[in-house]
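Notes follow once the structure below has been shown.
The values are calculated or read from the model by the stated rules, or taken from the named source; none is laboratory data. Predicted model only: the values in this text are computed from it and were never measured. Cβ sites come from the backbone with ideal geometry, for glycine too, and all protein chains shown count toward neighbours. For the accessible areas, the whole protein counts, side chains as well, though only heavy atoms, and no ligand, DNA or RNA atoms are used. Shrake-Rupley method; radii C 1.70, N 1.55, O 1.52, S 1.80 Å.
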Amino acid sequence: QVQLIESGGGLVQAGGSLRLSCAASGLTFSRHAMAWFRQAPGKEREFVTTITSYGATYYSDSVKGRFTTSRDNAKNTASLQMSSLQPEDTAIYYCAARLVYYSTKESEYDYWGQGTQVTVSS
């Protein structure tokens, strides 16, 4: 059974930083692209970033230059370092996985975590 468990969310002031982690089990982690999506209150879930099985990264324009995604295949963990956080970054952040190739489309991911809340106060 595949499990993705996010951690690291919380409350932070504008301009601050947070680091999210996604612990994966039940899948061949090194063969999966990992992604982060987020859903703000009253909005649809949106793509944030992805890291491919071979380490290439892609970011949405809204987070480019502020967020950094990484992965540790030895620990089956993906991470999202978020800096210069703004109130508009407030959302539930979800970790997702799909086999090999990256995608920015929510519908193309096979596995999802339960999400972790990130709240940025002004």
Inset, instruction - Assess whether ALA33 counts as being modelled with pLDDT of 95 or more, touching a Phe, Trp or Tyr at 6+ places or on another chain (Cβ under 6 Å) and within 18 Å of ASN76 (Cβ to Cβ). - result: yes
Inset, instruction - Tell me, please, whether a residue that is under 13 Å from TRP112 (Cβ atoms) and modelled with pLDDT of 95 or more can be found in region 8-16. - result: no
Inset, instruction - Could you list, in sequence order, all residues of region 24-70 that are touching a residue at least 40 places away in the same chain (Cβ under 8 Å), part of a strand (DSSP E or B) and open to solvent by less than 40 Å² (accessible area, probe 1.4 Å)? - result: ALA24, HIS32, ALA33, MET34, ALA35, TRP36, PHE37, ARG38, PHE47, VAL48, THR50, ILE51
Inset, instruction - Might you let me know whether region 58-71 holds any residue that is β-branched (Val, Ile, Thr) and either farther than 20 Å from LEU18 by Cβ or touching an Asp or Glu at 6+ places or on another chain (Cβ under 7 Å) (or both)? - result: no
